[in-house]
Amino acid sequence: MNKRKIVAWLLAATAVIWQTAPVCAAALQTQAHEVEVPQLEEGTYVKGEALVSMTTTQAAALTKEGTASFDKDIRVEECWEFGTAQDAQSEQIKDYVALVSSDTYSTKELMEIAADRYYVDAVAPNSYAHLCDIGKDTLSDYQWYLDGTGSFRTESKGIRFSDLEAESFMQPVVALIDTGVDYTNEDLKDSMWVNPYQSKGVEGTYGYDFANDDDDPMDTDGHGTHCAGVIAAQQNNAAGITGISNAKIMALKVVKDNSDVFDVAGAIRAFEYIVRAQEMGVPVAAVNCSWGGSRDSGAVLNTLIDKMGANGALTVFAAGNDSIDWDAIPMSLRTVPYDLDSKYVVVAGASDENDERVYFSDYGNTQVDLFAPGSNIVSTVQEAKFLPQFWTPEKRQQMTTYYNTVSSIDDFYTASNIRGLGSDYTVRLSYEPKVGCSDQTDGSLKYTVKNNRSFGLPIVKDDIFDGGMEQAGFIYLDVTDWNPDTEKTYYISCMMADNDGDGVPAWESVEKVSTKDDCRFVTSGGRTYLALIGITTQKTRSTTYYFDNFAVSVADPDTDQFEKCDIMSGSSMAAPMVTGAVAVLRGVNPTYDAMGIRSLLMECTRSVDALENACVTGGILDLSGIVVQPTSLKLNKASANVRYGNKLQLVATILPENAAGANVTWKSSNPAYASVSAKGVVKVKKAGVGKTVKITASTKDGIKLQDACTVKILKAKNKK
């Protein structure tokens, strides 16, 4: 919401307070002064800004725009005067509200500093307002890819979701070929396609599980649910995240549980299911395929993709995560999607928070169509995760025993620091100030690990420790002062990024659990340590990782308060961005076929220099470029009689009203009898008396729509 509108909303509320609680100007400097500083809820306010309500004179520091005279790190962005304060003894005592900001102080600190000024009546964060008490989705502040805003540092504008101006005329279906979908997720349960054709041979309620050959496509991995959330998580339901489209998700599971590999037969079964559903009348607009690597040697996939395309669906593939330039690979060595030969295929590469290619994403000037955000993507998953960085400070304080965004290495230990603990690994820890997750500016923990064995492979067991020997190169926390009950359950989480490539690191969440039977606590030398995270490696050379946002839960936490969301990276995440855009385009252009939608999609990009030679469009998905094509043109008259000497005004109405290319051209079937102007004014001529002329209106662009009015020309009326 526009900041000025937010302020106006708050002012209306504070005006009521002022009317009911008069301020005595004479007592401003003598009465006890205590202004309540409200609690903050993460993601509900503009960070580094606060609103200040005052009863004072124009001489007060916070009424003057610019740097505050009492603190150079505070700036008064704007100050609004609301007239003389009620019951003031002088006309110079007025009511003010100021918007203050700081790059140094947090919002809470700003409010606390302002509250100490004697003339301040109230302080508040610069909150987001919401209509109908629906509320902002709780994690949308972490969806940097929507608009380039929120808790993740970014130079990108994202996909410019807020600039999407398109009213959907239909609700398309997206078929998701993946690990299934958690259809019970609060953010997805109302976004699932419900099959109306089960009695006609299309099995399953929400889709089908081809991996296990049953009608329950429940996700146990999370990958498919993550993709589904990006495409169509419920918007503004005060839960989870915001999806791109209003599409319904058809869940087609092809990957078995605890696996990331499946055979192409599974995909073929899924494609066939989609074709049958389309033939029954299901409006499938897109098929999301966040996978690849197989070979389409018999062009079987092409055939089915073409069938789905002829029925109205584009098939969107992820580019891949091997940093390959597919333009440089011979055709004989290419794999899906690059060995496919179908005009209905769209290939999406992954971009990062700086609008550059993520280091792992495949690319190709002629082989990848466009890029979309695929780094550090927050979306829905199938199980609740212990991820305190997504929580409000209050909830985090209640639910965690320990939380550290890493500003030093002081808290952390390795096996070399713990007496009597053996290890086959060498682990070195250091502080990395230039790499940090989310909005943290205090860096991360740099971790390097190698295996000390000169020959043979390390012995890996399920146990974390075996006879005083650690089974991985662990990072430890000294928890002696906690007096932990090691027989209870503790959840551990952190964010992790490897050291491959340049640019923005791709973070992923890591979650571990310490239980009575699988305990992660070790006692040595009278101290108790907790194993946070460990890496098992066979390499004798050092490998580097980064860790941030370490957290340990309270004992036996209430897991119902965990979020069913997670952060993932990959071109698998970029593909559903594009799929969601296809669904939006189909929703606003219901009469377009798949190739028409594909053409519009290729225009929905923002050119980026860094991607000029990395894809066909040279750009990143940009929803502000969504085009609504006209669907109908109707004249105000189908026929008319016009006497010579008179004129006829024709009006062409194009729907929808926000259609692009809505300009109309006019044409007369015989200009010698009647002419028509660019504004639809028909002028009949004497030569046309007794004749009939057809006046036609047509759209200039997009679908060629037209309507006509038949004009019969009558002789001039006799004058008396």
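Points worth noting:
- Set of aspartates and glutamates with alpha-carbon distance to Lys679 below 19 Å, sequence-local pairs under 8 removed: Glu657, Asp701, Asp707
- Amide H contacts of Ala384: none lie under 5 Å away among residues 5 or more positions distant or on a separate chain (H built 1.01 Å from N in the peptide plane; Pro and chain starts excluded).
- Looking at the chain, the accessible area is 45 square angstrom per residue; that uses a 1.4 Å probe and ignores ligands, DNA and RNA.
- Chymotrypsin sites (Phe, Trp or Tyr not before Pro) restricted to the range 50-116 and DSSP loop, no more than 13 other C-beta within 10 Å: Phe70
- Per-q log10 I(q)/I(0), the range 542-651, q = 0.12, 0.14, 0.19 Å⁻¹ (Debye; single scatterer per alpha-carbon; no solvent): -0.76, -0.85, -1.05
- When both bridge partners sit in the range 260-407, DSSP labels roughly 5% of those beta bridges antiparallel.
- According to the Kirkwood relation over distinct C-alpha pairs, the hydrodynamic radius of the range 598-720 is 17.0 Å.
- These residues, Ser542, Ser607, go from largest to smallest accessible area, 1.4 Å probe, as Ser607, Ser542.
- Surface composition of the range 477-571: carbon plus sulfur atoms hold 35% of the accessible area, using a 1.4 angstrom probe and ignoring ligands, DNA and RNA.
- Averaging Cα coordinates gives a centre for the range 179-231 and one for the range 583-640; these two points are 29 Å apart.
- Calculated on the Cα set of the range 152-255, radius of gyration then Dmax: 14.9, 51 Å.
- Convex hull volume per residue in cubic angstrom - Cα atoms of the chain: 247
- Chain lengthening between Lys712 and Glu78 when straightened (0.36 nm per residue, less Cα-Cα): 221.8 nm
- The calculated FRET efficiency for Val510 paired with Ala328, based on their beta-carbon distance and R0 = 35 Å, is about 0.50.
- Dividing the alpha-carbon radius of gyration of the range 283-400 by the rule-of-thumb value 2.2 N^0.38 Å gives 1.36.
- Shape analysis of the range 560-621 places it in the oblate category; the axes a ≥ b ≥ c from the Cα gyration tensor give an a/c of at least 1.5, with a/b not above b/c.
- For the residue pairs Lys446/Lys488; Lys385/Lys539; Lys307/Lys634; Lys47/Lys189; Lys434/Lys488; Lys637/Lys715, the C-alpha atoms sit more than 27 angstrom apart in Lys446/Lys488; Lys385/Lys539; Lys307/Lys634; Lys47/Lys189; Lys434/Lys488.
- Hypothetical label at Asp498: residues of the range 543-580 whose amide nitrogen lies under 14 Å (7 Å Cα-Cβ projection): 543-546, 569-571
- Counting every C-alpha pair in the range 46-123, the share spaced more than 14 angstrom apart comes to 56%.
- Carbon plus sulfur fraction of accessible area for the range 282-353, probe 1.4 Å, in percent: 51
- Radius of gyration and maximum dimension Dmax of the range 331-488, Cα, Å: 22.0, 64
- The range 593-660 - Rg and Dmax from Cα coordinates, angstrom: 20.6, 64
The values are calculated or read from the model by the stated rules, or taken from the named source; none is laboratory data. These numbers come from a predicted model, not from an experiment. With ideal geometry, Cβ positions are generated from the backbone for all residues, glycine too; neighbour counts draw on all protein chains shown. When the accessible area is computed, the model is the full protein with side chains, heavy atoms only, and any ligands, DNA or RNA have been set aside. Shrake-Rupley method; radii C 1.70, N 1.55, O 1.52, S 1.80 Å.
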